[in-house]
1. Residue check: is Ser86 under 29 Å from Leu28 (Cβ atoms) and touching a residue at least 12 places away in the same chain (Cβ under 8 Å)?
2. So is Leu140 within 14 Å of the ligand (Cβ to nearest atom) and under 12 Å from the mean Cα position of the chain (by Cα) or not?
3. Would you please name the residue that is nearest to Ile137 (Cα to Cα), looking only at residues in the range 1-22 that are open to solvent by 60 Å² or more (accessible area, probe 1.4 Å) and of a type in the set (Ser, Thr, Tyr)?
4. Please state which of the following conditions Glu82 fails to meet, knowing it meets all the rest: (1) open to solvent by 50 Å² or more (accessible area, probe 1.4 Å); (2) within 14 Å of the ligand (Cβ to nearest atom); (3) part of a strand (DSSP E or B).
5. Could you go through the range 23-43 and let me know if any residue there is farther than 30 Å from Lys153 by Cα, among the aromatic types (Phe, Trp, Tyr), surrounded by 12 or more Cβ atoms within 10 Å (Cβ to Cβ) and in contact (Cβ under 8 Å) with a residue 60 or more places away in the chain.
Amino acid sequence: MAVRKIIEYPDPVLRHTAESVSTFDESLRTLVADMAETMYAAPGIGLAAPQVAVSQRVIVVDVSKGEEEKQFLPMVNPEIIEHEGSQLDEEGCLSVPELTAQVKRFKKIQLSYQSPDGEHHQLSAEDRFAVVLQHEIDHLNGVLFIDHLTPLKRSLYKKRRKKMLETQQAA
Ligand code: NI
């Protein structure tokens, strides 16, 4: 297992539509293990493969409850098959440094996905857990949470991010 480098906005790899996974092999299991390690090292509560420059439909989400040992759920080819209601919650993203904002999402979702060994599953999620899942699935479609903000908020962040990168380069 290894911690991989997290790709940050505006890297174009974050904008690609990730490919469906059809081979459930050792390299997929390694990717999943590395993604979990990278997520916890960050630390974060969810991570999508495009964030580590792998354009495949794979996400990992933290499902630890309280003080228990860290537990994560890997989902391959996740898809929202039903949704209900809406909610507004604060989001941030490991690939979008120094920004959190309120985003409108579905309140409840039903998902289909595959485990890293190819087994088919379904899952219902609501509230915060549903937010995390929708955020990560967006990444597989090249969508970032800033895309859900108003054009003004998004352009303000773009400018601020550009300055951040210029300052990093100058240092
Ligand atoms: Ni994200």
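1. No; evaluated as a whole, the condition is false for this residue.
2. yes
3. Thr17
4. If we test Glu82 against (1) open to solvent by 50 Å² or more (accessible area, probe 1.4 Å); (2) within 14 Å of the ligand (Cβ to nearest atom); (3) part of a strand (DSSP E or B), just (2) comes out false.
5. yes
The values are calculated or read from the model by the stated rules, or taken from the named source; none is laboratory data. Since the model is a prediction, treat every value here as computed from it, not as a measurement. As a convention, Cβ positions derive from the backbone with ideal geometry for all residues, glycine included, and neighbour counts pool all protein chains shown. We work out accessible area using only protein heavy atoms, side chains counted, and drop any ligands, DNA or RNA first. Shrake-Rupley method; radii C 1.70, N 1.55, O 1.52, S 1.80 Å.
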